[in-house]
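Each remark here refers to the structure printed beneath this line.
The values are calculated or read from the model by the stated rules, or taken from the named source; none is laboratory data. In this text, all values refer to a predicted model and were calculated from it rather than measured experimentally. All Cβ positions, glycine included, derive from the backbone under ideal geometry; neighbour counts span all protein chains shown.
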Amino acid sequence: MKAMSHTMSVLKLGSPAVRLSVVCLGIPLLVLLAAFLHAADAHAVDLDAVLAGISVAHPLGCDALGRDVLARLAEGLQLSLGIGVLVIGIGAVLGISIGLAAGWFGGYVDSLLMRLADIVLSFPGILLAIALAAMLGPGVDKLVMALVAVGWVGFARLSRAQVLSLKSTPFVDAAVANGSGLIYIGTRHLLPNIAAPLLVEASFGLAAVIIGEAGLSFLGVGVQPPDASLGTMIREGTRLMLVSPMLVVWPGVVLFLLVMAVNLLGDALRDRLDVRRDMRGAAQGAGQS
Amino acid sequence: MFLRIALYRLLQAVPTLIGVATLVFLMLHLVPGDPVDALLGEMALPADREALRHAMHLDEPLLSQYLHFMGGLATGDWGNSLLDQRPVLALMSERLPATVHLASVSLLLAVALALPLGFWAARYAGRRQDMLAMGFSLCGVSIPNFWLGPMLMLVFSVFLGWLPVSGMDQPGSIILPAITLGTALAAVLSRMARSSWLEAMGSDAIRTARAMGVGNGMLWWRHAARLAAVPVVTMFALQMGAVLGGAVITETVFDWPGLGLLTIEAIQRRDYPLVQGCVLLIAGFYVLANLAADMLGMWLDPRQRRL
């Protein structure tokens, strides 16, 4: 627990990266707040307002079906963030469990699990997610599955490596000698000590998953119409770029700022916690976007 | 010694490639329900369904399907596209040059941008120049390429009319896709260049060289550059693989007729054998790029030569 509170306290508000991150996050939050106050229906089709410009009734205009862009932006933002947090949550639990098991048991269990991780890492992440989402078919649940299938690996490799170095420390030996069970040792002794790098991994992972979700939706294998995701909005906006360029500008700006805020937070965490990242992870990150 | 380890690593890649092929094989069985239904619709005639099932070997037991699939891969029979009945390999080889063209121009662009930027940031570490360069890098990592592409198109093709909107027929058509694909690579690479250069400048070797009276320019460009090259070159090789993943989206945005666009077209038409072929080919390149990164690292830095 002490390690966790230490992890939390290192994010001092004074650091420039954190301040910039708050500024970046401000605009997406503003969109959510404005949409809440504006209270328009994101799905209400109004054929009189097709591609309408900025007005009091529609602060950011309307799309090709006369739907309110601000309301759709807010819905897309919530969906992107929700899917991102969900994927990272499931991926972290799955990956950390696998990594702990592989590191703790070693031998065949380790070889088997790590070969599996190697195979997943043998695909450019976005490509595997696209292929899985396409094969699984439409639906947010399938989208989450496809993204988790790619996302667990980073957590697994990281926690395995950390457990390997902790396994032979005296305090773990003492816990084993005490007769503590694996789950107890894992949650009370191992996890708090590996929380810092995992937190950094989670923050960069969140940025990658948000871009990944939007990318999949942009390609038509993620969130399906009429639901709004930032990716589907960019896709629809691209088609109407000549007529109404702002339709592609808005969702992109919001997505960009959101990802930038998360990346800045990750940077700040990494610098404060002094964590070195796997090169392969960073290279994958460049391919993800 | 180097050759022996290189050979060992090469052999290690074989089970990985087999695993990759197995995963790609299993993907088809993720399709909910019957893939034949998904392809032909539920209204199809029973005879047509049987014919397709037989053509895709779906009427055989799973193990036999698997052996057939793997045997086909090894002998160069990657199956036929369901829609135009042409071999998957032929379709892919037609599209490969466009992707190679795009990927190499993007990588060149990324290096040309990232090395000076990384050096500049390292030289003025902690100062305004550094902030500027790393700010660019942060934007580059955070900007999704499926948005950067349309924005570049909007500015340079629609408003200014300087460059063609999409396709690859006109002389300037490579510029926007290459910038779109290269930006994220440049961002990651410049960060890596900056941190490696800084780390190299702080090393004992540089301290010794400085003590021996080596000039500043020589220190930065000769001694430190050589030390910093190892991680930068490794990262570059890793990106040769990652760029193919990014190409799927960039090619779709710009209608660039490469392997990535072929993959998306195949997905949209539910041409499963073609999807499998494309995914497998790109993943194969990716594995080889990772292998190349390993080997380059070992070649440049003998400390990495471990079995």
So, B:M212, is that one farther than 19 Å from B:V111 by Cβ, of a type in the set (A, V, I, L, M, F, W, C) and modelled with pLDDT under 85 or not? no
Answer residue from segment B:189-200, given it is of a type outside the set (G, A, S) and surrounded by 20 or more Cβ atoms within 10 Å (Cβ to Cβ) and is farthest from the chain's Cα centre (by Cα) among those: B:W197
Can you pull out every residue in segment B:134-164 that is outside any helix (DSSP H, G or I) and free of Cβ contacts under 8 Å to residues at least 40 places away in the same chain? B:P144, B:L160, B:G161, B:W162, B:L163, B:P164
Criterion (within 14 Å of another protein chain (Cβ to nearest Cβ), under 27 Å from B:G258 (Cα atoms), among the small types (G, A, S) and in contact with a Lys or Arg (Cβ under 9 Å, 6 or more places away or on another chain)) met by exactly one of B:A103, B:A110, B:A114, B:A125: B:A114
Leading residue by the ranking (nearest to B:S195 (Cα to Cα)) among those in segment B:230-276 that are assigned to a helix (DSSP H, G or I) and in contact with an Asp or Glu (Cβ under 7 Å, 6 or more places away or on another chain): B:V230
Do we find that A:R277 is over 20 Å from the mean Cα position of the chain (by Cα), at pLDDT below 90 and more than 10 Å from chain B (Cβ to nearest Cβ) in this structure? no
How many residues does segment B:253-265 hold that are facing chain A (nearest Cβ under 9 Å) and crowded, with 24+ Cβ neighbours inside 10 Å? 3
Which of the residues that make up segment B:211-229 are in a helix (DSSP H, G or I) and either in contact with a Leu (Cβ under 6 Å, 6 or more places away or on another chain) or over 18 Å from B:A293 (Cα atoms) (or both)? B:A211, B:N216, B:G217, B:M218, B:L219, B:W220, B:W221, B:R222, B:H223, B:A224, B:A225
Tell me the residue from A:V148, A:V153, A:V144 that is part of a helix (DSSP H, G or I), over 14 Å from A:I83 (Cα atoms), out of contact with any strand residue (DSSP E or B) (no Cβ under 8 Å at 6 or more places or on another chain) and in contact (Cβ under 8 Å) with a residue 24 or more places away in the chain, please. A:V153
How many residues are more than 18 Å from B:I249 (Cβ to Cβ) and of a type in the set (S, T, Y) if we restrict to segment B:272-307? 1
Residue satisfying all of: in segment B:40-90; at pLDDT 80 or above and at positive phi; surrounded by the most Cβ atoms within 10 Å (Cβ to Cβ) among these: B:G79
